[in-house]
Amino acid sequence: MRDFDVVVIGAGAAGLMCAAVAGQAGARVLLIEHANKIGRKILMSGGGRCNFTNLVVEPDNFLCSNAHFVKSALSRYSPWHFIELVSKYDIPYHERAHGQLFCDNSAKDIVRLLHSECELGGVQLRTRCTVERVSTDGNGYKLSTSSGEISCLKLVVASGGLSIPSMSPDGLGYELAQQFGLQLIPRSAGLVPLTFSGDIKSMTEKLSGIALPVRATAAGHSFDEAMLFTHRGLSGPAILQISSYWREGEWVSIDLLPDRDMQSELQRAKEQTPKSLLRTVLNHSLARKLVQELEIRWWPELAEKPLADWPDKNLQSVGEQLNNWQLKPAGTEGYRTAEVTLGGVNTDGLSSKTFACHEHPNLYFIGEVLDVSGHLGGFNFQWAWACGHAAGKAVASDLESALISD
Ligand SMILES: Cc1cc2nc3c(=O)[nH]c(=O)nc-3n(C[C@H](O)[C@H](O)[C@H](O)COP(=O)(O)OP(=O)(O)OC[C@H]3O[C@@H](n4cnc5c(N)ncnc54)[C@H](O)[C@@H]3O)c2cc1C
C-alpha cells in the first residue's frame, strides 16, 4: 500500500488548486512545500491584492512554443469558475482596467480560500519539506525528502519558475523533467523591467518616476499601457508586457503619443501657431521634463526657433520619432524582479487535457514550471487555476483504473 495516492510538489497557485480538486474527488493527497508557508507568490502578487484572474482570457494571452497547448485547460476552467469560488468565500474584489480582478482587501484571502479548499479535500500539507530525490518503480513514485521516504502512485510537479531568487527556487521541477526524459525550452525572465546603458540610461535616471501611456512594440506584438521611467531603465505594464517578447540585441519601439499622427499634428501646429516653439506645443501632451530631455537629443539646434522656421523634414522626423522611438535595451532586471519565467518544460511531452507525461502516465507537470507564460493582468493565475484544476480532476479520475492495474 502506497503512502498516498497523489503527491503534489509545490504549494503555490497551481499545486494548491490541484491538491484541493484531487482531494475533493476522493484521492489521498499529500502537498509538499519546501518553504515555511504556502502560496508565497500569491501573497506578494498584485501589490498584495492579488490580480487573481481576468474577465477576458484567450489563448493569445499566453506564450508557449505550442500555441494550442493552453486551449483545452483554459476552456474547461474559465475565469467565472474561479470567480464563483471567490464568491463562495465572500471575498470582496474589484475590476481594474483591461478586465483585471483584484481583491479589495488582501491576497491572503485567496491563500485562505485555497487552504480551506484543500482542507475540504482532506489534503495533508507538509511545509518545510524538501524533496531530495525521486525514483519510480515503473508505475508509482518514491520520494526521498527531508522528512523521510514517501511513496505515491501519482506525482504532480507544481514547483513554479525561477523568479524572485529570495524565495530560493531550486529548479527541482526542471531536474525532474529531464530525469524523466522531457525536453526543456530555454528559460529567461519575463514580465520584467528593461535596462539601458549609456545616454538612454542617464535620460531614464533623470526622468525616473515619470509615467505616461504609450504603445510598446517588439517582435510584432504591441501593448497599450503605462510606461514608467526608472533609475535603471523602463518599467510599467507596457514594458513588462513587451519584455516577454523582446530578445537580447533586438529593438523596442515606443509610441509616446499612441493613436495620434504626430507628423500631421506638428505640420498643422506649424501652420496654425507658427510663432510657437516645439517644446511649447509638446508640453501640452507630454511631461515638461520629458520634452526637455527629448529636445536635448532630437532638436538641439532648432530648440529656440519658432515652428515657422523649421524645415518640414525636421518636423516630420521629430513627429516620426514621437510615434516610433526606437530603443535598444541592454538587458532586463532578470529573475530578481521578474514576475514569470519564460520557457520551461516542453509541453510536447505532455497531454494538454490531463498534464500527464506521454511516456510516464502517472507523472504530471503543471503551472509555471511549464513552457507557458501569461501576459500581465491575472492571466498567470488563471493558467495556474486552470491547469491545477485539470490535473486535479485527471489524477483522481485515473486513480481507480490505475489502482486496479497496480
Ligand atoms: C511579484 C510577483 C507578482 C505577481 N503578481 C501576479 C498577479 O497579480 N497576477 C497573476 O496572474 N500572476 C502574478 N504573478 C505570477 C504568478 O505568481 C505565478 O505565475 C504563479 O504563482 C505560478 O504558480 P505556480 O503554482 O506554478 O508557481 P508558484 O506559485 O511559484 O508555486 C510554486 C511553489 O513550489 C514550491 N517549491 C518550489 N520548489 C520546491 C521543492 N523543490 N520542493 C517543495 N516545494 C517547492 C515553491 O516554494 C512555491 O510555493 C506574480 C509573480 C510575482 C513574482
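No value in this document is a laboratory result; all are computed from the given coordinates. Please read all numbers here as calculations on a predicted model, not as lab measurements. Note: ideal-geometry Cβ built from the backbone for every residue, glycine included; neighbour counts use all protein chains shown.
Only loop residues by DSSP count here, and only those with at most 16 other Cβ atoms within 10 Å; note down the chymotrypsin sites (Phe, Trp or Tyr not before Pro) in the stretch 82-188 that meet that.
TYR89
I'd like the Karplus ³J(HN,Hα) series for the stretch 209-218: coefficients 6.51, -1.76, 1.60, θ = phi - 60°, whole numbers in Hz, and an x wherever there's a Gly or Pro.
Taking θ as phi minus 60°, the curve returns x, 7, 10, 7, x, 9, 10, 9, 10, 7 Hz for the stretch 209-218.
For TYR93, list long-range residues whose amide hydrogen, built 1.01 Å from N in the peptide plane, is under 5 Å from its own amide hydrogen.
ASP104
With a ≥ b ≥ c taken as the square roots of the eigenvalues of the C-alpha gyration tensor of the stretch 28-140, please select rounded if a/c is under 1.5 and otherwise prolate if a/b is larger than b/c or oblate if it is not?
Because a/c hits 1.5 or more and a/b fails to exceed b/c, the stretch 28-140 counts as oblate.
Once label points are set 7 Å from the Cα along Cα→Cβ at both ASP348 and THR273, what is their separation, rounded to one decimal in nm?
According to this spin-label approximation, the distance is 5.8 nm.
Rank the residues TRP80, TRP246, TRP299, TRP385 as a footprinting-exposure proxy: fewest other Cβ atoms within 10 Å of their Cβ go first.
Values: TRP80 11, TRP246 23, TRP299 19, TRP385 28.
In order of increasing Cβ crowding within 10 Å: TRP80, TRP299, TRP246, TRP385.
Can you list the residues, at least 5 places off or on another chain, whose amide H is less than 5 Å from the amide H of THR130, using H built in the peptide plane?
SER146, SER147
Can you sort ARG247, ARG288 by how many other beta carbons sit within 10 Å, fewest first?
Placing the least packed residue first, the sequence is ARG247, ARG288.
Dipole size in debye (nearest 20) for the chain around its Cα centre, Lys and Arg Cβ +1, Asp and Glu Cβ -1?
680 debye
Which of the GluC sites (Glu not before Pro) found in the stretch 286-380 are in a DSSP loop and have at most 16 neighbouring Cβ atoms, other than their own, within 10 Å?
Of the GluC sites (Glu not before Pro), the ones in loops of the stretch 286-380 whose Cβ has at most 16 other Cβ atoms within 10 Å are GLU301, GLU304, GLU359.
Using the Karplus curve 6.51 cos²θ - 1.76 cosθ + 1.60 with θ = phi - 60°, work out ³J(HN,Hα) for each residue of the stretch 11-27 in order, rounded to whole Hz, and write x for Gly and Pro.
So the Karplus estimates, Gly and Pro as x, are 9, x, 4, 5, x, 5, 5, 4, 4, 4, 5, 5, x, 5, 8, x, 7 Hz.
How fast does the chain diffuse by Stokes-Einstein, in µm²/s, taking the Kirkwood radius from C-alpha pairs at 37 °C and 0.692 mPa s?
143 µm²/s
Going by C-beta contacts inside 10 Å, put ARG76, ARG187 in order with the fewest on the left. Intermediate values should be presented prior to the final figure.
Values: ARG76 13, ARG187 17.
In increasing order of surrounding Cβ atoms, one gets ARG76, ARG187.
Relative contact order, percent, of the stretch 194-332 when contacts are C-alpha pairs under 8 Å separated by at least 6 residues?
After rounding, I find 31 percent.
For the stretch 375-382, take each phi angle, set θ = phi - 60°, evaluate the Karplus expression 6.51 cos²θ - 1.76 cosθ + 1.60, and give the result in whole Hz per residue in order, putting x for glycine and proline.
Per-residue couplings from phi come out as 5, 5, x, x, 6, 5, 5, 4 Hz.
Under 5 Å between amide hydrogens, which residues at least 5 positions from ALA338 or on another chain qualify, with H placed 1.01 Å from N in the peptide plane?
For ALA338, the qualifying residues are ILE164.
Please get the size of the charge dipole for the stretch 194-332, origin at its Cα centre, with Cβ charges of +1 on Lys and Arg and -1 on Asp and Glu, quoted in debye to the nearest 20.
With Lys and Arg at +1 and Asp and Glu at -1, about 280 debye.
Given contacts defined as C-alpha pairs under 8 Å and at least six residues apart, what's the relative contact order of the chain, whole-number percent?
Averaging sequence separation for qualifying contacts and normalising by length gives 26 percent for the chain.
Using a 10 angstrom cutoff on alpha carbons, build the Gaussian network for the chain and name the most mobile of ASN139, ASN54, ASN314.
Answer for the Gaussian network model of the chain: ASN314.
For a quick check, take a GNM of the chain with Cα springs below 10 Å and name the residue from SER163, SER285, SER373 with the largest mean-square fluctuation.
Of the options given, SER285 has the highest mean-square fluctuation.
Between ALA67 and LEU184, how high is the FRET efficiency from 1/(1 + (r/R0)^6) when r is the Cβ-Cβ distance and R₀ = 30 Å? Nearest 0.05. Mind showing how you got there, number by number?
Numbers: r = 19 Å, r/R0 = 0.62.
With R0 = 30 Å, the Cβ-Cβ based efficiency is 0.95.
Quick one: work out the % antiparallel among DSSP beta bridges in the chain, nearest 5.
Bridges in the chain that DSSP calls antiparallel: roughly 75 percent.
Between SER146 and GLU250, what length comes free when the chain is fully extended (0.36 nm per residue of separation minus the Cα-Cα distance, one decimal in nm)?
Extending this stretch completely gives an extra 33.0 nm.
State to the nearest 20 debye the size of the charge dipole of the stretch 1-114 about its Cα centre, where the only charges are +1 on K and R beta carbons and -1 on D and E beta carbons.
In debye, rounded to 20, the stretch 1-114 gives about 240.
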